[in-house]
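Colleague: Quick one: the structure is below, and I'll ask about it shortly.
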Amino acid sequence: MADTTMAEIRDAILAGADSATIGKLPIPSSYRAAHLLKSETGMFDGMPSNQKDPRRSLHVGDVPTPELAPDEVYVAIMASSINFNTVWSSIFEPVSSFGPMQRLARESEWAKRHDRDYQVVGSDGSGVVLRVGAAVRNWKPGDRVTIHCNHVDDQDQTAHNDSMLAANQRIWGYETNFGGLADLSVVKANQLMPKPAHLSWEEAAVNALCNSTSYRMLVSKNGAQMKQGDVVLIWGATGGIGAYAVQYVLNGGGIPVGVVSSPDKAKILHDMGCEAVIDRKSANYKFFDDNGDHDEKEWRRLGSDIRDLVGEDPDIVFEHPGRSTFGASMYVAKRGGTVVTCAATSGFMMEFDNRHFWMRLKRLVGSHFANYREAWEANRLIAKGMIHPVMSQVFPLDQLGEAAHQVHHNMHEGKLGILCLAPGAGLGIDDPALRSRVGEQKINMFRR
Ligand code: NAP
C-alpha cells in the first residue's frame, strides 16, 4: 500500500506538479527505508571492525510514518548518499546509535518518536517538501530542497550563537531517527536549503554533510580560517570530505598538498588542479615501529616530502584519519600552524609529541559538521557552480548495503549517491543553462 502512494508522489514530482497539487497528495502511513534493528545491535560482538559487514545489518523495508511536529516538514526523498556515519552506525561502532535516540526521547513529547526498535539511517538528502508543520514559515509544499544534518532544538539558549555548540545538537539520521536513506523523511524546517538548480537529484544529494564539514574546517571563523597562499595538507584528498577540501583550498588561493593511496586517485587530484600529490602507499610511511611506538624519522620523511613538493611546511593540516596519522600531522604543521580535525577513522585514541606542539606554537582545532549558516553558505557555493559534487557512483536504495561496504573498505572515491524515489540518475535538473555554463566536466569530475 505504501508503494502505491509513494509512486503517486513520485509521479506527481516527475510531472512537475505545482505546490497546491503536491500539498494535497496523501501522506502514506508507511514508507520504504533503510534501517537498523535494535535487536541486532550485538550481532557483530567480538569481531574485528573490518569483518563487520553493513550488508548484514542494513535492511530495506517499510516502516511506519511518524506524526509531524509543528516545526517539521515531510520531504519526499529523491536521492541520498552514503556517509561514513552510516558505516559507523551499521557496524555499531564506536557505540550503537540507539543510545543517543533513547536520550533524545527524554527531551520532549515530540522527541519520544525517535526511540523505536529500528533506526532509519542516512544524513543527506535531496527531494521535495510534501507538507509543512503549523509553525513552519519559510517553506511550502513543492519546494525542491537539500537537507543538512544539524539537528537542534532552537528553543534552547545554547543553540544560539553557534548551533554546533548546542547542548542538544545531534546529527540527523545518525543520532536521530527518520534519516534520509528512505523514500520519505521528517526533518526540522531549519535543516532545509534550496536544491542547486543545475544538479540532478543525486548530484544535489551527496554534498551537504561532507561539503559543509569541509567548509567549517577550512573557511569558517570556527575552523582554520584559511587565507590566500596557505599550504594545506589534506589527508584522504579524494575521499568524501577531502575532495571538497581540495576545492576550497584551490578556490581560496591556497596550495593543497593532497595525500591519497593509489595512482588512480593521484590522477583525479591532478585533474582537479591539485599539483602537489603524495601517494602514501608508494611512499610507504611507517609512522609506528614494530613495537607500536611512534617513529619520528618517518614524520620527518613526510615533512621533507611536503617541502620537496611545495617548498615549505603546511600552514594547515586537514586531519581525520586519526590514530594512524595524527602524530605525523601534529609534527609536520608549520610553526604557528593549525591542525583541524573532525574524525578518527583509524582509531580515536591518538598520541603526539607535545614538545613539537608547544615549542612551535601550533593550534589544534576540533570541528564537527556545520551550523545552519555555514551549511547554507556551503550549499550556496554548490548552487553557484563554484564547488562541485564529487559523486563517483550511484546505487539504488536496495543496494545501499553494498555501497556502505565499499566505503567501509575504502574501495570508493568521493561520494556514493543513492537513488531513493528517483527512478533513475540524471533527473531533476531545473537549470540546464547554468549546468552548461558550469560544465559537465566539473560536475562529473569523479564520475566512474
Ligand atoms: P571517506 O570517503 O572514506 O574518505 C576518507 C579518506 O581517508 C579515504 O579516501 C582514504 O584516502 C583516507 N584514509 C582512510 N584511512 C586512512 C589512514 N589510515 N591513513 C591515511 N588516510 C586514510 O570518508 P569521509 O566521508 O571523507 O570521512 C572521513 C572521516 O571523517 C570519517 O571518519 C567520517 O566519519 C568523518 N566525518 C566527520 C564529520 C564530522 O562532522 N565530524 C563529517 C564528515 C565526515 P586514501 O586511502 O586515498 O589515502
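The values are calculated or read from the model by the stated rules, or taken from the named source; none is laboratory data. None of these values were measured; they are calculated from a predicted model. A quick note on method: Cβ atoms are made from the backbone with ideal geometry, for glycine too, and the neighbour counts reach across all protein chains shown.
Colleague: Could you list, in sequence order, the residues of the stretch 306-324 that are under 21 Å from the mean Cα position of the chain (by Cα), crowded, with 18+ Cβ neighbours inside 10 Å and of a type outside the set (A, V, I, L, M)?
Modeller: 318, 319, 320, 321, 322
Colleague: Looking at the stretch 225-268, which of the residues that are among the small types (Gly, Ala, Ser) and buried (at least 24 other Cβ atoms within 10 Å of the Cβ) is farthest from the chain's Cα centre (by Cα)? Steps first, answer last, please.
Modeller: Of the residues in the stretch 225-268, the ones among the small types (Gly, Ala, Ser) are 229, 236-237, 239-240, 242-243, 245, 252-254, 258, 261-262, 266.
Okay, now just the ones that are also buried (at least 24 other Cβ atoms within 10 Å of the Cβ), so 236-237, 239-240, 242-243, 245, 258.
Details: 236: 14, 237: 14, 239: 10, 240: 7, 242: 11, 243: 11, 245: 12, 258: 19 Å.
So, considering only residues that are among the small types (Gly, Ala, Ser) and buried (at least 24 other Cβ atoms within 10 Å of the Cβ), the one farthest from the chain's Cα centre (by Cα) is 258.
Colleague: Any residue in the stretch 424-448 that is within 16 Å of residue 201 (Cα to Cα) sitting within a Cβ distance under 8 Å of a residue that is surrounded by fewer than 16 Cβ atoms within 10 Å (Cβ to Cβ)? List the pairs, counting only those 6 or more apart or interchain.
Modeller: Sorted first by the residue in the stretch 424-448, then by its partner, the pairs are 427/14.
Colleague: Just name the residue that is nearest to residue 164 (Cα to Cα) out of those in the stretch 318-345 that are assigned to a strand (DSSP E or B) and either at pLDDT below 95 or among the polar types (S, T, N, Q) (or both).
Modeller: Taking the stretch 318-345 first, the residues assigned to a strand (DSSP E or B) are 318-319, 338-341.
Checking the rest, the ones that are also either at pLDDT below 95 or among the polar types (S, T, N, Q) (or both) come to 338, 341.
Details: 338: 20, 341: 15 Å.
The extreme case among them is 341.
Colleague: Right, another one. For the stretch 290-299, which positions are under 33 Å from the mean Cα position of the chain (by Cα) and more than 14 Å from residue 352 (Cβ to Cβ)? Spell out how you get there, then give the answer.
Modeller: If we filter the stretch 290-299 for residues that are under 33 Å from the mean Cα position of the chain (by Cα), which is where we start, we get 292-296, 298-299.
Within the stretch 290-299, 292 is the sole residue that qualifies.
Colleague: Right, here's the next one. Quick test for you: out of 45, 62, pick the one residue that is of a type in the set (D, E, K, R) and in a strand (DSSP E or B).
Modeller: Values: 45 fails: in a strand (DSSP E or B).
Matching residue, one of 45, 62: 62.
Colleague: Report yes if residue 378 is within 15 Å of the ligand (Cβ to nearest atom), touching a residue at least 60 places away in the same chain (Cβ under 8 Å), touching a Leu at 6+ places or on another chain (Cβ under 6 Å) and hydrophobic (A, V, I, L, M, F, W, C), otherwise no.
Modeller: Details: within 15 Å of the ligand (Cβ to nearest atom): yes; touching a residue at least 60 places away in the same chain (Cβ under 8 Å): yes; touching a Leu at 6+ places or on another chain (Cβ under 6 Å): no; hydrophobic (A, V, I, L, M, F, W, C): yes.
So residue 378 does not fit the description; no.
Colleague: Return the pairs, sorted by first residue and then second, in which the second residue is within 9 Å of the ligand (Cβ to nearest atom) and of a type in the set (Lys, Arg), the first residue lies in the stretch 77-93 and is part of a strand (DSSP E or B), the beta carbons are less than 8 Å apart, and the residues are 6+ apart or on different chains.
Modeller: 81/415; 82/415
Colleague: Criterion first (under 26 Å from residue 229 (Cα atoms) and either in contact with a Pro (Cβ under 6 Å, 6 or more places away or on another chain) or free of Cβ contacts under 8 Å to residues at least 40 places away in the same chain (or both)) does residue 288 satisfy it?
Modeller: Numbers: under 26 Å from residue 229 (Cα atoms): no; either in contact with a Pro (Cβ under 6 Å, 6 or more places away or on another chain) or free of Cβ contacts under 8 Å to residues at least 40 places away in the same chain (or both): yes.
For residue 288, the condition - under 26 Å from residue 229 (Cα atoms) and either in contact with a Pro (Cβ under 6 Å, 6 or more places away or on another chain) or free of Cβ contacts under 8 Å to residues at least 40 places away in the same chain (or both) - is not met.
Colleague: Residues to consider are 175, 202; find the one that is closer than 22 Å to residue 54 by Cα and within 12 Å of the ligand (Cβ to nearest atom). Outline the logic, then answer.
Modeller: Numbers: 202 fails: within 12 Å of the ligand (Cβ to nearest atom).
After applying the criteria, what remains is 175.
Colleague: Count, please, the residues in the stretch 119-168 that happen to be without any contact (Cβ under 8 Å) to a residue 24 or more places away in the chain, in a loop (DSSP other than H, G, I, E, B) and either under 24 Å from residue 366 (Cβ atoms) or touching a strand residue (DSSP E or B) at 6+ places or on another chain (Cβ under 7 Å) (or both).
Modeller: Result for the stretch 119-168: 5.
Colleague: Please count how many residues of the stretch 344-369 are under 24 Å from the mean Cα position of the chain (by Cα) and at positive phi. Walk me through how you get there before you give the answer.
Modeller: Start the filter on the stretch 344-369 by keeping residues that are under 24 Å from the mean Cα position of the chain (by Cα), which leaves 344-350, 364-369.
Now narrow it down to the ones that are at positive phi: 347, 369.
So the count comes out to 2.
Colleague: If you don't mind, there's one more thing I want to ask. Please work out which residue is nearest to residue 324 (Cα to Cα), limiting yourself to the stretch 337-375 and to residues that are of a type in the set (D, E, K, R) and either crowded, with 17+ Cβ neighbours inside 10 Å or within 14 Å of the ligand (Cβ to nearest atom) (or both).
Modeller: Restricting attention to the stretch 337-375, the residues satisfying the condition of being of a type in the set (D, E, K, R) are 351, 353, 355, 360, 362-363, 373-374.
Next cut, either crowded, with 17+ Cβ neighbours inside 10 Å or within 14 Å of the ligand (Cβ to nearest atom) (or both) only: 362, 374.
Values: 362: 20, 374: 29 Å.
Among them, the one singled out is 362.
Colleague: Can you name the condition, by its number, that residue 155 falls short on among (1) modelled with pLDDT under 95; (2) in contact with a helix residue (DSSP H, G or I) (Cβ under 7 Å, 6 or more places away or on another chain)?
Modeller: (2)
Colleague: Could we say that residue 331 is outside the structural domain of residue 389 (by TED's automatic domain parsing) and either farther than 21 Å from residue 351 by Cα or within 11 Å of the ligand (Cβ to nearest atom) (or both) here? Lay out the reasoning, then the answer.
Modeller: On the way: outside the structural domain of residue 389 (by TED's automatic domain parsing): yes; either farther than 21 Å from residue 351 by Cα or within 11 Å of the ligand (Cβ to nearest atom) (or both): no.
No: the conditions fail for residue 331.
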